[in-house]
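The values are calculated or read from the model by the stated rules, or taken from the named source; none is laboratory data. Owing to the predicted nature of the structure, the values given are computational and were not obtained by experimental measurement. Ideal geometry is used to build each Cβ from the backbone, glycine not excepted, and the neighbour counts take in all protein chains shown. Just so you know, the surface numbers come from the protein's heavy atoms only, side chains and all, with ligands and any DNA or RNA stripped out. Shrake-Rupley method; radii C 1.70, N 1.55, O 1.52, S 1.80 Å.
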Amino acid sequence: MAEVKPEEISHPPMEQLQGFEYCIDSNPPWGEAIILGFQHYILALGTAVMIPAVLVPMMGGSDGDRVRVVQTLLFVTGINTLLQSLFGTRLPTVIGGSYAFVVPIMAIIQDSSLAAIPDDHERFLQTMRAIQGALIVSSSIQIILGYSQLWGIFSRFFSPLGMAPVVALLGFGLFERGFPVVGRCVEVGLPMLILFVVLSQYLKNVQIRDIPILERFSLFICIALVWAYAQILTAGGAYKHSPEVTQINCRTDRANLISSAPWIKIPFPLQWGAPTFSAGQSFGMVSAVLVSLVESTASYKAAARLASATPPPAHILSRGIGWQGIGILLDGLFGTGTGSTVSVENVGLLGSMRIGSRRVIQISAGFMIFFSMLGKFGALFASIPFTIFAAVYCVLFGLVAAVGLSFLQFTNMNSMRNLFIVGVSIFLGLSVPEYFFRYSMAAQRGPAHTKAGWFNDYINTIFSSPPTVGLIVAVFLDNTLEVKNAAKDRGMPWWVPFRSFKGDARSEEFYSLPFNLNRFFPPS
């Protein structure tokens, strides 16, 4: 057997992923860009529909209220996505609803003063106003941490070794929204999963007019085909005698969104009435804002790689967090029923399509705003069974997790110190939130249940987030365990040039503000 040369088995670390057709500042033709943007819009519908579907009925809201909340959430998602892509990090990220806010929102819903309101619609309005007030107050945390550059300063403690588990847990930590949901309707979810993998990977080289159409538009094609298949099953009576749970997850006519949606309705600030403010509820909501901060930071790191850009400098990261705080403020003013964070599934879609263009995301934001005002049309797309989205999540969340693991190429993984940090942080990042989830399901309350409600929300929210637990463990260990001579092993030499805006010449290409605004807001 011939001797293997070292250069044949080694792969030098690379700050930017290769093989992307369009990177952050290059744009596909307008026709392709519109279809690609529509795919991002369709994907964002999953979370935009699911969160109100869970929370609004518990608040006492009707189907009409649920539709209005979905419309409002999509409308504000479009606005926040545009603001972030224009003036924030400028990365191609969708800023949508976040599950991190569910725990403190549930605490508000269960507040005795609100739960005792006998009229359902009045209880919904009062609860929504309380949620709005808590979001408005807590948004100040991200605004302050972002625009004061405090989060950027703190990010200097991040190394490739420390961020690898955090970004990986961003994907791995969402496994509950993957195949466990697909399993609720296997006859719809499994074909979607298999078809999406086959079209986007095995048949990705099929081209029409030099366009890899199956790789680039596989999400749109797969959803259209499987949605039509699910419609045939529903119309044919396949679920006529099935259990209620099966019908909810499989049928295409159970969402009751289209009949409840108005033809035209433009969301506007304070549409539910004047927000109400409570110190305890606001303190509790701060915990979700901090979790959103961590998850978004990890998402920005992943999106930068999947957009074929360099890691965002500390100044850019802070700027993005500041604008995200403004996004949560808008959530509170409009009444979306939840706060915002970076959509992980849309970050994964960048890698699946190999399209990291900023313009595509901005077009998707236009679709969100447009269809949220045209209620009937938006509700039509929003009635896609969530099982179909869950099948896609199995691929996209896995892609994001793999991007996190790719940061390990900058580190020395032959070091026992590094193996310990990565292994323990990933394990605890999965295990601790799983404990909190199982405890909450069994006891109908979180493990923290003291008389101080805001404290309970802090503990139960923070330790239910895999990336947040991973960040606490990984960054602490990485900055306290045998640090003296570990800079090279941690991968710090690779990331030092990206700490400041002027540390790498490519930063100006990727992250400069539009309209020559850098004259007024010079980067540090």
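Data for the structure
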item	result
Relative packing of peptides 151-163, 68-80, 313-325 - highest average C-beta neighbours within 10 Å first	68-80, 313-325, 151-163
The range 30-408: relative contact order as a whole-number percent, Cα under 8 Å and 6+ apart	40
By average C-beta atoms within 10 angstrom, highest first, the peptides 337-350, 54-67, 107-120, 416-429	337-350, 54-67, 416-429, 107-120
Modelled FRET efficiency - R0 22 Å, residue 210 with residue 86, Cβ distances, 0.05 increments	0.10
Distance in nm between pseudo-label sites at residue 266 and residue 450 (7 Å out along the Cβ direction from Cα)	4.8
Accessible area per residue in Å² at 1.4 Å probe, computed on the chain	41
Added length on full extension, which subtracts the Cα-Cα distance from 0.36 nm per residue, residue 509 to residue 203	106.8 nm
Residues of type lysines that residue 265 reaches as a straight line, Cα spacing below 23 Å, ignoring anything fewer than 8 places off in the same chain	376
With every protein chain in place, the range 30-408: carbon and sulfur % of accessible area (1.4 Å)	69
Two-decimal Rg to Rh for the range 260-384 - Kirkwood Rh, Cα set	1.01
Most to least packed among 181-194, 485-498, 224-237 [average Cβ atoms within 10 Å]	181-194, 485-498, 224-237
With 10 Å bins from 0: P(r) over the range 406-524, alpha-carbon pairs, percent	12, 27, 22, 24, 14, 1
Principal semi-axes in Å for the chain [√(5λ), Cα gyration tensor, largest first]	35, 29, 23
Among 77, 211, 14 - extreme Cα towards positive end, dipole of the chain, charges at beta-carbon	77
Computed label-point distance, nm, for sites residue 274 and residue 434 using a 7 Å Cα→Cβ extension	5.0
Cα-centred dipole magnitude for the range 407-524, charges only on beta-carbon of K, R (+1) and D, E (-1), debye, nearest 20	160
Accessible carbon and sulfur surface of the range 418-472 relative to its total accessible area, %, 1.4 Å	72
The range 45-118 - Rg and Dmax from Cα coordinates, angstrom	14.6, 47
Where labels lie 7 Å past Cα in the beta-carbon direction, separation of residue 34 and residue 220 in nm	1.0
Cysteines in the chain that, by Cβ-Cβ distance, have no pairing candidate under 4.7 Å	23, 222, 394
For the range 85-234, projected area of the alpha-carbon convex hull averaged over all directions, nm²	15.3
